[in-house]
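Participant: Right, I'll just put the structure down here and ask away after.
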Amino acid sequence: MNTAVGRLVRAELRLMTRDPLVLTFVFAFPIVTMLIIGGAFGTRPDPAFDGTNPSHWYVASYLTVVIAATGLVMLPVHLASYRERGVLRRFAAAGFPRWSFAIAQLTVGLLTTAVACALLLAVAAPVYGIPAVHDAWRVAVALPLGAVAFVSLGVLLGSLLPSARAAQAVGLLLFFPSFLLGAGGPPPHVMGSVVKQVAGPLPLTLLTNAVRAPWLGLGPATGSLIAVAVLAVAASAAAARRTAL
Amino acid sequence: MTVRGLRKSYGARVVVDDLDLDVPAGEIVGLIGANGAGKTTTVECVQGLRKPDSGRLRVLGFDPVTQAEQLRPLVGSQLQSSALPDRLRVAEALDLFGTPRARDGGELLEQFGLTQRRRSVFSSLSGGERQRLFLVLALLNRPRLVILDELTQGLDPAARRGVWDAVRQLNDEGTTVLLVTHEMDEAEALCDRVAVMRAGQVIDAGAPADLVERHASTAVIRFSMPDPPARLLDQVRRLDGVREVSRSGARVTVRGHRRIVAFVCAALVRWDQVPADLAIYQPGLEDALLGLLNGTHDEAPVNGELIGGRR
C-alpha cells in the first residue's frame, strides 16, 4: 500500500490511536452513555418505546451515536486543525494527488465507526443483550450509508470552519442536540409536539430511524433511508470538492 | 522555470503585479525583497498551490495551473508556515511523504542530524529540528526543482552552515534551487543569481556581485592618523576610484569604488603609515538591496568635515 491514499490512511490511523479526543469521544462516550441510558428504563417492553425492550431500543440506537460523534466532532476538529496549521498545504505541495486526502479521510472515518460500533456491540452484548435484527438488509444498507453521510458532513464542516476551536464549538453544538433528540435521548413518543417537530428532520433522527426501525421490527422506514441516501450523495460530493488538495 | 506577466491579487490587494522571472536549470536562484513583496505568493503559484489571476508559467516543462498533478511530484518544497500533525513521529513522516522513488530517508536524517530524533513526535521538535525535517522531506523524493522558503529561519549558526552545505551539494548533483530568503548573507553565499522583488515585481536581477556593483558600489575606509602628511592625503584623493576623503579630528574617512580598498591600503603601506585601527566597509548584497528598495545606494553614513573629493 505505497499509494498516496494508502500512505495517508496508514498515517492517519496511527495518529488516531494517539488522539485523546477520538478515543474518548468516538469510543468511550457512546458506550458509557448507552450503558447509563440503556439501564435507566429497564428491560420490560414499554409502549413509549413502541412496545420494545427499552434497553434493546437504545442498543439499536447507539450505533448512530458513534457515527455522529465521528462525523460531527472528530473529523471537523481534525480537518480544521490540519488546515489551520498548514498540514494540508504541505500535503498538496508534496504532490499528494488531489483526491487522495478526501478519500483517505472517508476511509479512516468509516474504519473508525466500524471499529467503534463493534466495540459498542461487544460491550452491550453481555449487559443488555443484542436485539434480534428483523430486517437485516435494510440495517446493513442504512449503517454504511449513514456513515458515509456523516463522515462526509464532517469533512465538509472541517473544510468550512476557520479553526480547530471553531470546529469543536460548532461540532459539539450540532452533536449534542442531535444526540439528545435523534438517537440517545428520550423516545419520540414522550417528546412534546414542538420538540418532536424539531427532532423529526434532523439527519441523525432520520439515520437512527432508518437503522432502528428495521432492526427492531418497527417498520421499513423507507422514507428515512432515502433521505439518508440523498444526504450521503450530496455531502460526499461537496466534501470531495472542498478537500481537493 | 519561466514566469511571464504573473499577476495575483487577494481581493483588492495586488500582491504579484506583472512579474517576470527565469530560473535556469541547474542554478541556485534567490528571490529576495522586503516583507510583503510577494515572494511567497510567487513561489506558491510556481508550485501550483495558488491559481494566478493571469500570466504564463512553465516549470520543468509543465504548466503549474493545468498540470499541477504532474508537476508537484518533481518539486521538493519547504514551505513557510506549514506544519505536520503534532503526534506524527519523524520516521513516520518519512513513510508518509516518501513515494516509491524516494531516497534512503535514514541517510538524509543522518545528514541533517536527526537520526537521534527518529522516534520523536513532531510537536516535541525544536524550531531548528522542524526546519531540518522539512528540508529532509523536501529532498526525499529526488526532486528536480527544490523551492526553499525561509530556509534557515530559526537555525543556529552551525546548523545554518550545515544546511547551506546540503543545498550546495544538492545543486552539485544537478538539482535546480529556488531560494526565498530575507538573509542576504545566505543569498550571497548560495545563489548564482538573485531577483529582487518590490511590490509584486522583480525590480532587478543578476549575480549577487553584479547587483552589489550596480546598487552599492561605495566602499568606506576609516582609520586614525593624528597628523597625516598632506601629501599622503592628496595622493589618496587622486587614487583611482576615490570619490571623497574627509577628516574629522584624527579620523580619516575615504569613500569610493570597491577597488579603492586595494589602492588605499597599498598607499598606506608605501608611506609606512599603516594605522592600528584600519577599518574597511565593503558593501554587500544587503546594501544593494537597501539601495534598490529605498533608492539610497551609495549613501554610506559618514559624519565629518569634507576636505576633498571628486565624483
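No lab work stands behind these numbers, since they all come straight from the coordinates. Just so it is clear, the structure is predicted and the values come from calculations on it, not from any experiment. When we count neighbours, we look across all protein chains shown, and the Cβ atoms used for this are built from the backbone with ideal geometry, even at glycine.
Participant: From a point 7 Å beyond the Cα of B:Asp192 in the direction of its Cβ, which residues of region B:14-32 have a backbone N at a distance under 12 Å?
Facilitator: Answer for this model: B:23-30.
Participant: Right, next: Given the C-alpha centroids of region B:23-73 and region A:1-63, what is the distance between them in whole angstrom?
Facilitator: Rounded to whole Å, the Cα centres lie 47 Å apart.
Participant: Answer rounded, prolate or oblate for region B:130-250, using the Cα gyration tensor with square roots of eigenvalues a ≥ b ≥ c: rounded when a/c is under 1.5, else prolate when a/b is larger than b/c, else oblate.
Facilitator: It is prolate, given that a/c is not under 1.5 and a/b is the larger ratio.
Participant: In addition: Give me Rg/Rg_expected for chain B, where Rg uses Cα atoms only and Rg_expected = 2.2 N^0.38 Å with N residues.
Facilitator: That works out to 1.23 for chain B.
Participant: What distance in nm separates the two pseudo spin-label positions at A:Val233 and A:Leu110, each 7 Å out from Cα along the beta-carbon direction?
Facilitator: So the label points at A:Val233 and A:Leu110 sit 1.7 nm apart.
Participant: Follow-up. Label-point separation (nm) for A:Thr43 and B:Ala199, each offset 7 Å from Cα along Cα-to-Cβ?
Facilitator: 8.1 nm
Participant: Dividing the alpha-carbon Rg of chain A by 2.2 N^0.38 Å yields what?
Facilitator: Compared with the compact-globule rule of thumb, chain A sits at 1.01.
Participant: Counting only residues 5 or more places away or on other chains, whose amide H sits under 5 Å from the amide H of B:Ile147 once H atoms are built in the peptide plane?
Facilitator: B:Gly76, B:Ser77, B:Gln78, B:Leu178
Participant: Using a Gaussian network model on chain B with a 10 Å cutoff between Cα atoms, which of B:Ala12, B:Ala91, B:Ala250 fluctuates the most?
Facilitator: B:Ala12
Participant: For B:Lys51, list the aspartates and glutamates whose Cα falls under 12 Å from its own Cα; do not include residues on the same chain fewer than 8 positions away.
Facilitator: Straight-distance partners of B:Lys51: B:Asp63.
Participant: May I pose another question? Using θ = phi - 60° and the Karplus curve 6.51 cos²θ - 1.76 cosθ + 1.60, what whole-Hz ³J(HN,Hα) does each residue of region B:77-90 get, with Gly and Pro shown as x?
Facilitator: Those phi angles translate into 9, 10, 8, 6, 6, 9, 9, 10, x, 3, 9, 7, 7, 4 Hz.
Participant: Oh, and also: Which log10 I(q)/I(0) values does region A:99-191 give at q = 0.16, 0.18, 0.23, 0.24 Å⁻¹ under the Debye formula, counting every alpha carbon as one identical point scatterer?
Facilitator: With no solvent term, the Cα-only Debye profile gives -0.91, -1.10, -1.36, -1.37.
Participant: Compute the label zone of B:Asp22 within region B:197-239: residues whose backbone N is under 18 Å from the point 7 Å along Cα-to-Cβ.
Facilitator: B:197, B:202-211
Participant: What ratio of Cα Rg to 2.2 N^0.38 Å holds for region B:145-200?
Facilitator: Output field value: 1.12.
Participant: Then there is this: Would you work out which of A:Ala238, A:Val139, A:Ala94 lies farthest towards the positive end of the dipole of chain A, given +1 charges on the beta-carbon of Lys and Arg and -1 on that of Asp and Glu, about the Cα centre?
Facilitator: A:Ala94
Participant: Mind listing the long-range amide H neighbours of B:Val202? Cut-off is under 5 Å, sequence gap 5 or more, other chains count too, H placed in the peptide plane at 1.01 Å from N.
Facilitator: HN-HN under 5 Å from B:Val202: B:Asp20.
Participant: To continue, here is another question. Relative to the present Cα-Cα distance, how much length would full extension add between B:Thr2 and B:Cys265 at 0.36 nm per residue of separation?
Facilitator: Length gained between B:Thr2 and B:Cys265: 90.2 nm.
Participant: Further, regarding this structure: Helix-derived [θ] at 222 nm for the protein assembly as shown: sum -39500 (n - 2.57) over DSSP H runs of at least 4, divide by residue count, nearest 500?
Facilitator: That calculation yields -15500 deg cm²/dmol at 222 nm.
Participant: State to the nearest 20 debye the size of the charge dipole of chain B about its Cα centre, where the only charges are +1 on K and R beta carbons and -1 on D and E beta carbons.
Facilitator: Charge dipole, chain B, about its Cα centre: 220 debye, nearest 20.
Participant: At a Förster distance of 22 Å, what's the computed FRET efficiency of B:Val274 paired with B:Ala250, Cβ-Cβ distance as r, to 0.05?
Facilitator: Efficiency at R0 = 22 Å is approximately 0.90.
Participant: Local charge sum around A:Phe96 (other residues, Cβ-Cβ under 14 Å, Lys/Arg +1, Asp/Glu -1)?
Facilitator: Counting the neighbours of A:Phe96, the net charge comes to +3.
Participant: Which ³J(HN,Hα) values in Hz, rounded to whole numbers, follow from the phi angles of region A:176-188 under the Karplus curve 6.51 cos²θ - 1.76 cosθ + 1.60, where θ = phi - 60° and Gly and Pro get x?
Facilitator: 3J(HN,Hα) across region A:176-188, in whole Hz: 5, x, 4, 4, 6, 8, x, 8, x, x, x, x, x.
Participant: Just the number, please: Stokes-Einstein D of the protein assembly as shown in µm²/s, Kirkwood Rh from C-alpha pairs, 25 °C, 0.890 mPa s.
Facilitator: Answer, rounded: 88 µm²/s.
Participant: Mind pulling the per residue volume of the convex hull built on the Cα atoms of region B:191-301? Å³ is fine.
Facilitator: Roughly 102 Å³ of hull volume per residue.
Participant: Additional query: What's the FRET efficiency of A:Arg165 with B:Arg118 using the Cβ-Cβ distance as r and R₀ = 25 Å, to the nearest 0.05?
Facilitator: With R0 = 25 Å, the Cβ-Cβ based efficiency is 0.20.
Participant: What's the average, rounded to a whole number, of partner chain beta-carbon atoms within 10 Å of each residue's beta-carbon in B:75-84?
Facilitator: Other-chain Cβ atoms within 10 Å of each residue's Cβ, averaged: 5.
Participant: Here is a follow-up. Roughly how many Å is it from the Cα centre of region A:171-191 to that of region A:106-159, as a whole number?
Facilitator: Using only Cα atoms to place each centre, the spacing works out to 17 Å.
Participant: Using alpha carbons only, how many angstrom separate the centre of region B:230-291 from the centre of region B:132-168?
Facilitator: That distance is 39 Å.
Participant: Given a Förster distance of 25 angstrom, what is the FRET efficiency for B:Arg214 paired with B:Leu60, based on the Cβ-Cβ distance and rounded to 0.05?
Facilitator: 0.25
Participant: Specify which residue in the list A:Met16, B:Val29, B:Val121 is farthest towards the positive end of the charge dipole of the protein assembly as shown, using unit charges on the beta carbon of Lys, Arg (+1) and Asp, Glu (-1), about the Cα centre.
Facilitator: Highest projection toward the positive end goes to A:Met16.
Participant: Whole-Hz Karplus ³J(HN,Hα) for region A:26-33, in order, using 6.51 cos²θ - 1.76 cosθ + 1.60 and θ = phi - 60°, x for Gly and Pro?
Facilitator: Running phi through 6.51 cos²θ - 1.76 cosθ + 1.60 with θ = phi - 60° gives 8, 8, 7, 4, x, 5, 4, 5 Hz.
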